[in-house]
Amino acid sequence: MTPADNAAGLDSFDLVQPATGRVHARVPLDSSESVDAAVLRARAAFSAWRETSPFERAARLQTFALKLRQSIPELAPILSAEGGKPVVEAEAELEWTAGTFDYYASLARSRAGRVAPPVSASGMSLVLREPIGVVAAILPWNYPILLWAWKAAPALASGNCIIAKPSPETPLSLPAVSSLLELPDDVHSIVQGGRAIGASLVAHRGVHKVAFTGSSHTGKTILRVCAERAKRCSVEMSGHDPLIVWDDVDLEVAVDAAVFAAFANAGQVCTSSERIYVRDTIFDAFRDRLVKQVATLKVGDPLDRSTDIGPLISTAHRDRVERYLTQALDRGAKIECGGKRLSGPGSYFQPTVLTGLRHEDMNALGEIFGPIAPLMPVENFEEAIRLANDNQFGLSATVLTSSLDLAMRAARDLRVGTIWINNPLMDNVAAPFGGFREAGIGRELGEEGFDAYTEVKHVSIEFALKQQHWWYAARKALSGLA
Ligand code: NAD
């Protein structure tokens, strides 16, 4: 339950800053009437926007990327203050956002469809990609700008209009960032609110496609609503991702990689490493070095450039992470380091390393979405791959090894949407991102992420109108029956 969900009937709500626990803004809330009006305006804007040339759309997206890069020093603190992300990571998020707009500007100019082999020598088959119409983007709080960009950039590049709904936990950065877009009125707009506003946008008959990132629970609710109306829908949902550490790597570098994979953005990344399987022969050495390295992480004010880990998004979310820890301890987990909230204001939690959980315990406990890293020893690589795959979600997996043989076996056998060999959490805007099983349906990024915002139309052309031998008239003439 978010502040906005509690604010039924109100026209604004108080936003609490995770680092201080104090109210730092009053945020206006939309109503179902204002959602309705936004959809009507977007539909009206669509007829002209879809007819703009790809060159014009590409130029507008590139201009935005340029202005965004110049504005990172002013925008990063807004993103950092509202969500608690260290300001250095907020700057990186904005830089990746600019890169996403650059990439889709180039696809706007190069990806229009294809020519298929025709069925007759005097014919041609065009496969056209056209915009779908009005897109609703429902966004989470952990990467409020980047995950907007993964939707807005391809949607706008391919000629759609878009209405974005930020999470009520992070409502401030998107209006600031998107004010740099130079687009015709209502091609891009924002509605603010929680579950109720999201639900009215998703269900609206004037919305043609829903693009969602968030929890599995919400994603499945949205899928059901979209199925009812046969509405286009892509959902990026929860993750519970494995990291496999093998005994042929430089232990010190492997520890640094694991620290980043588990604790970046305080573990609030859908692809955070939340199940760490370590070759049993190096388990004790890896655990000891990891604990030593975690002790060097600086937890504190996200606006301080030397901070590694900021607060969790809210006290409610910290309570959730603490409940995970209590349940893990009930199942026999041992805290190797961390395990406590920080005293004083703000929703801080120490980076925590756990041992003693079995694979079944980790699966039963589910997604953590916080700074807790459970480690478990494995005897052989086959076991590591089997356990990695044995999970409800299949978003990503990381493997640290210097063996080409093991790396290629992992690439072949892991049943997940993204596999990182020796470089965890490294997204590539030109390659697709999404999950197997309950991690999601559809892909963002890459050419696949552009195609997700298009309808495919086949245009079958015969150069001239002439009788075809399978038509009734021609058939009769040929058989002398005419
Ligand atoms: P959430 O599902 O609670 O909320 C996501 C968004 O959906 C918010 O904007 C919320 O207001 C809205 N919403 C809630 N109920 C709705 C409804 N019935 N109809 C329409 N909209 C509704 O998720 P969150 O807490 O913001 O984000 C954390 C979750 O997101 C984690 O589970 C994480 O794994 C997942 N996540 C996944 C990816 C990915 O790419 N797979 C990326 C980031 C986060």
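Taken together, the values in this text are just the output of simple stated rules run on the coordinates, not laboratory data. A quick note: this is a predicted structure, and the numbers were derived from the prediction, not measured. When we count neighbours, we look across all protein chains shown, and the Cβ atoms used for this are built from the backbone with ideal geometry, even at glycine.
Here are some notes:
- Here the Debye sum runs over all C-alpha atoms of the chain as equal scatterers in vacuum, and log10 of I(q)/I(0) at q = 0.06, 0.09, 0.13 Å⁻¹ comes out as -0.31, -0.65, -1.22.
- Three-way shape label, the range 302-451, alpha-carbon gyration tensor, a/c 1.5: oblate
- Evaluated at q = 0.12 Å⁻¹: base-10 log I(q)/I(0), Debye formula over Cα of the range 137-260: -0.53
- Candidate cross-link partners of residue 231 among the lysines, defined by an alpha-carbon separation under 22 Å and a same-chain spacing of 8 or more, comprise 151, 165, 209, 220, 457.
- Relative contact order of the chain, pairs being alpha-carbon contacts under 8 Å that are 6 or more residues apart, as %: 18 percent
- For the chain, the dipole from Cβ point charges (+1 on Lys and Arg, -1 on Asp and Glu) about the Cα centre works out to 1760 debye, to the nearest 20.
- R0 of 60 Å, Cβ-Cβ distance residue 472-residue 298: FRET efficiency to nearest 0.05: 0.15
- Three-way shape call for the range 1-95 based on the alpha-carbon gyration tensor, with the a/c threshold at 1.5: oblate
- Annotation: extensible slack from residue 128 through residue 228 equals 33.3 nm (criterion: 0.36 nm per residue apart, minus Cα-Cα distance).
- When the Cα positions of 257, 104, 353 are compared along the charge dipole of the chain, 104 comes out farthest toward the positive end, with charges on each C-beta of Lys, Arg, Asp and Glu.
- Relative contact order for the range 1-158, counting Cα pairs under 8 Å that sit 6 or more residues apart, in percent: 22 percent
- Distances between every pair of Cα atoms in the range 417-482, grouped in 5 Å steps from 0 to the bin holding the largest one, split as 4, 13, 12, 12, 9, 6, 5, 5, 7, 8, 7, 6, 3, 2, 1 percent.
- Peptide ranges 455-468, 315-328, 436-449, 133-146 listed from the most packed, as the mean C-beta count within 10 angstrom indicates: 133-146, 436-449, 315-328, 455-468
- Using only side-chain charges placed at the Cβ, +1 for Lys and Arg and -1 for Asp and Glu, the dipole size of the range 372-426 relative to its Cα centre rounds to 200 debye.
- For residue 121 and residue 405, the FRET efficiency from 1/(1 + (r/R0)^6), where r spans their Cβ atoms and R0 equals 51 Å, is about 0.50.
- About its Cα centre, the dipole of the range 275-327 is roughly 140 debye, where the only charges are +1 on Lys and Arg Cβ and -1 on Asp and Glu Cβ.
- Label sites at residue 256 and residue 285, each approximated as a point 7 angstrom past Cα along Cα to Cβ, lie 1.8 nm apart.
- Cysteines in the chain lacking any other cysteine Cβ under 4.7 Å from their own Cβ: 161, 270, 337.
- Here the contact order of the range 154-225, divided by its residue count and restricted to Cα pairs under 8 Å and six or more residues apart, works out to 30 percent.
- Between helix 87-108 and the chain: long-axis angle, C-alpha atoms, 0 to 90°, nearest 10: 20 degrees
- Helix 283-294 and the long axis of the chain differ in direction by around 90°, with both axes built from C-alpha atoms.
- As a proxy for reagent exposure, 161, 270, 337, 226 were ordered by neighbouring Cβ count within 10 angstrom, fewest first; the result is 337, 226, 270, 161.
- Each of 96, 49 has some number of other Cβ atoms within 10 Å of its Cβ, and from fewest to most they run 96, 49.
- DSSP beta bridges fully contained in the chain are about 40 percent antiparallel.
- Rounded to 5, the percent of DSSP beta bridges in the range 301-423 classed as antiparallel: 35 percent
- Under 27 Å of direct C-alpha separation, and excluding same-chain neighbours fewer than eight residues apart, residue 334 reaches these lysines: 292, 298.
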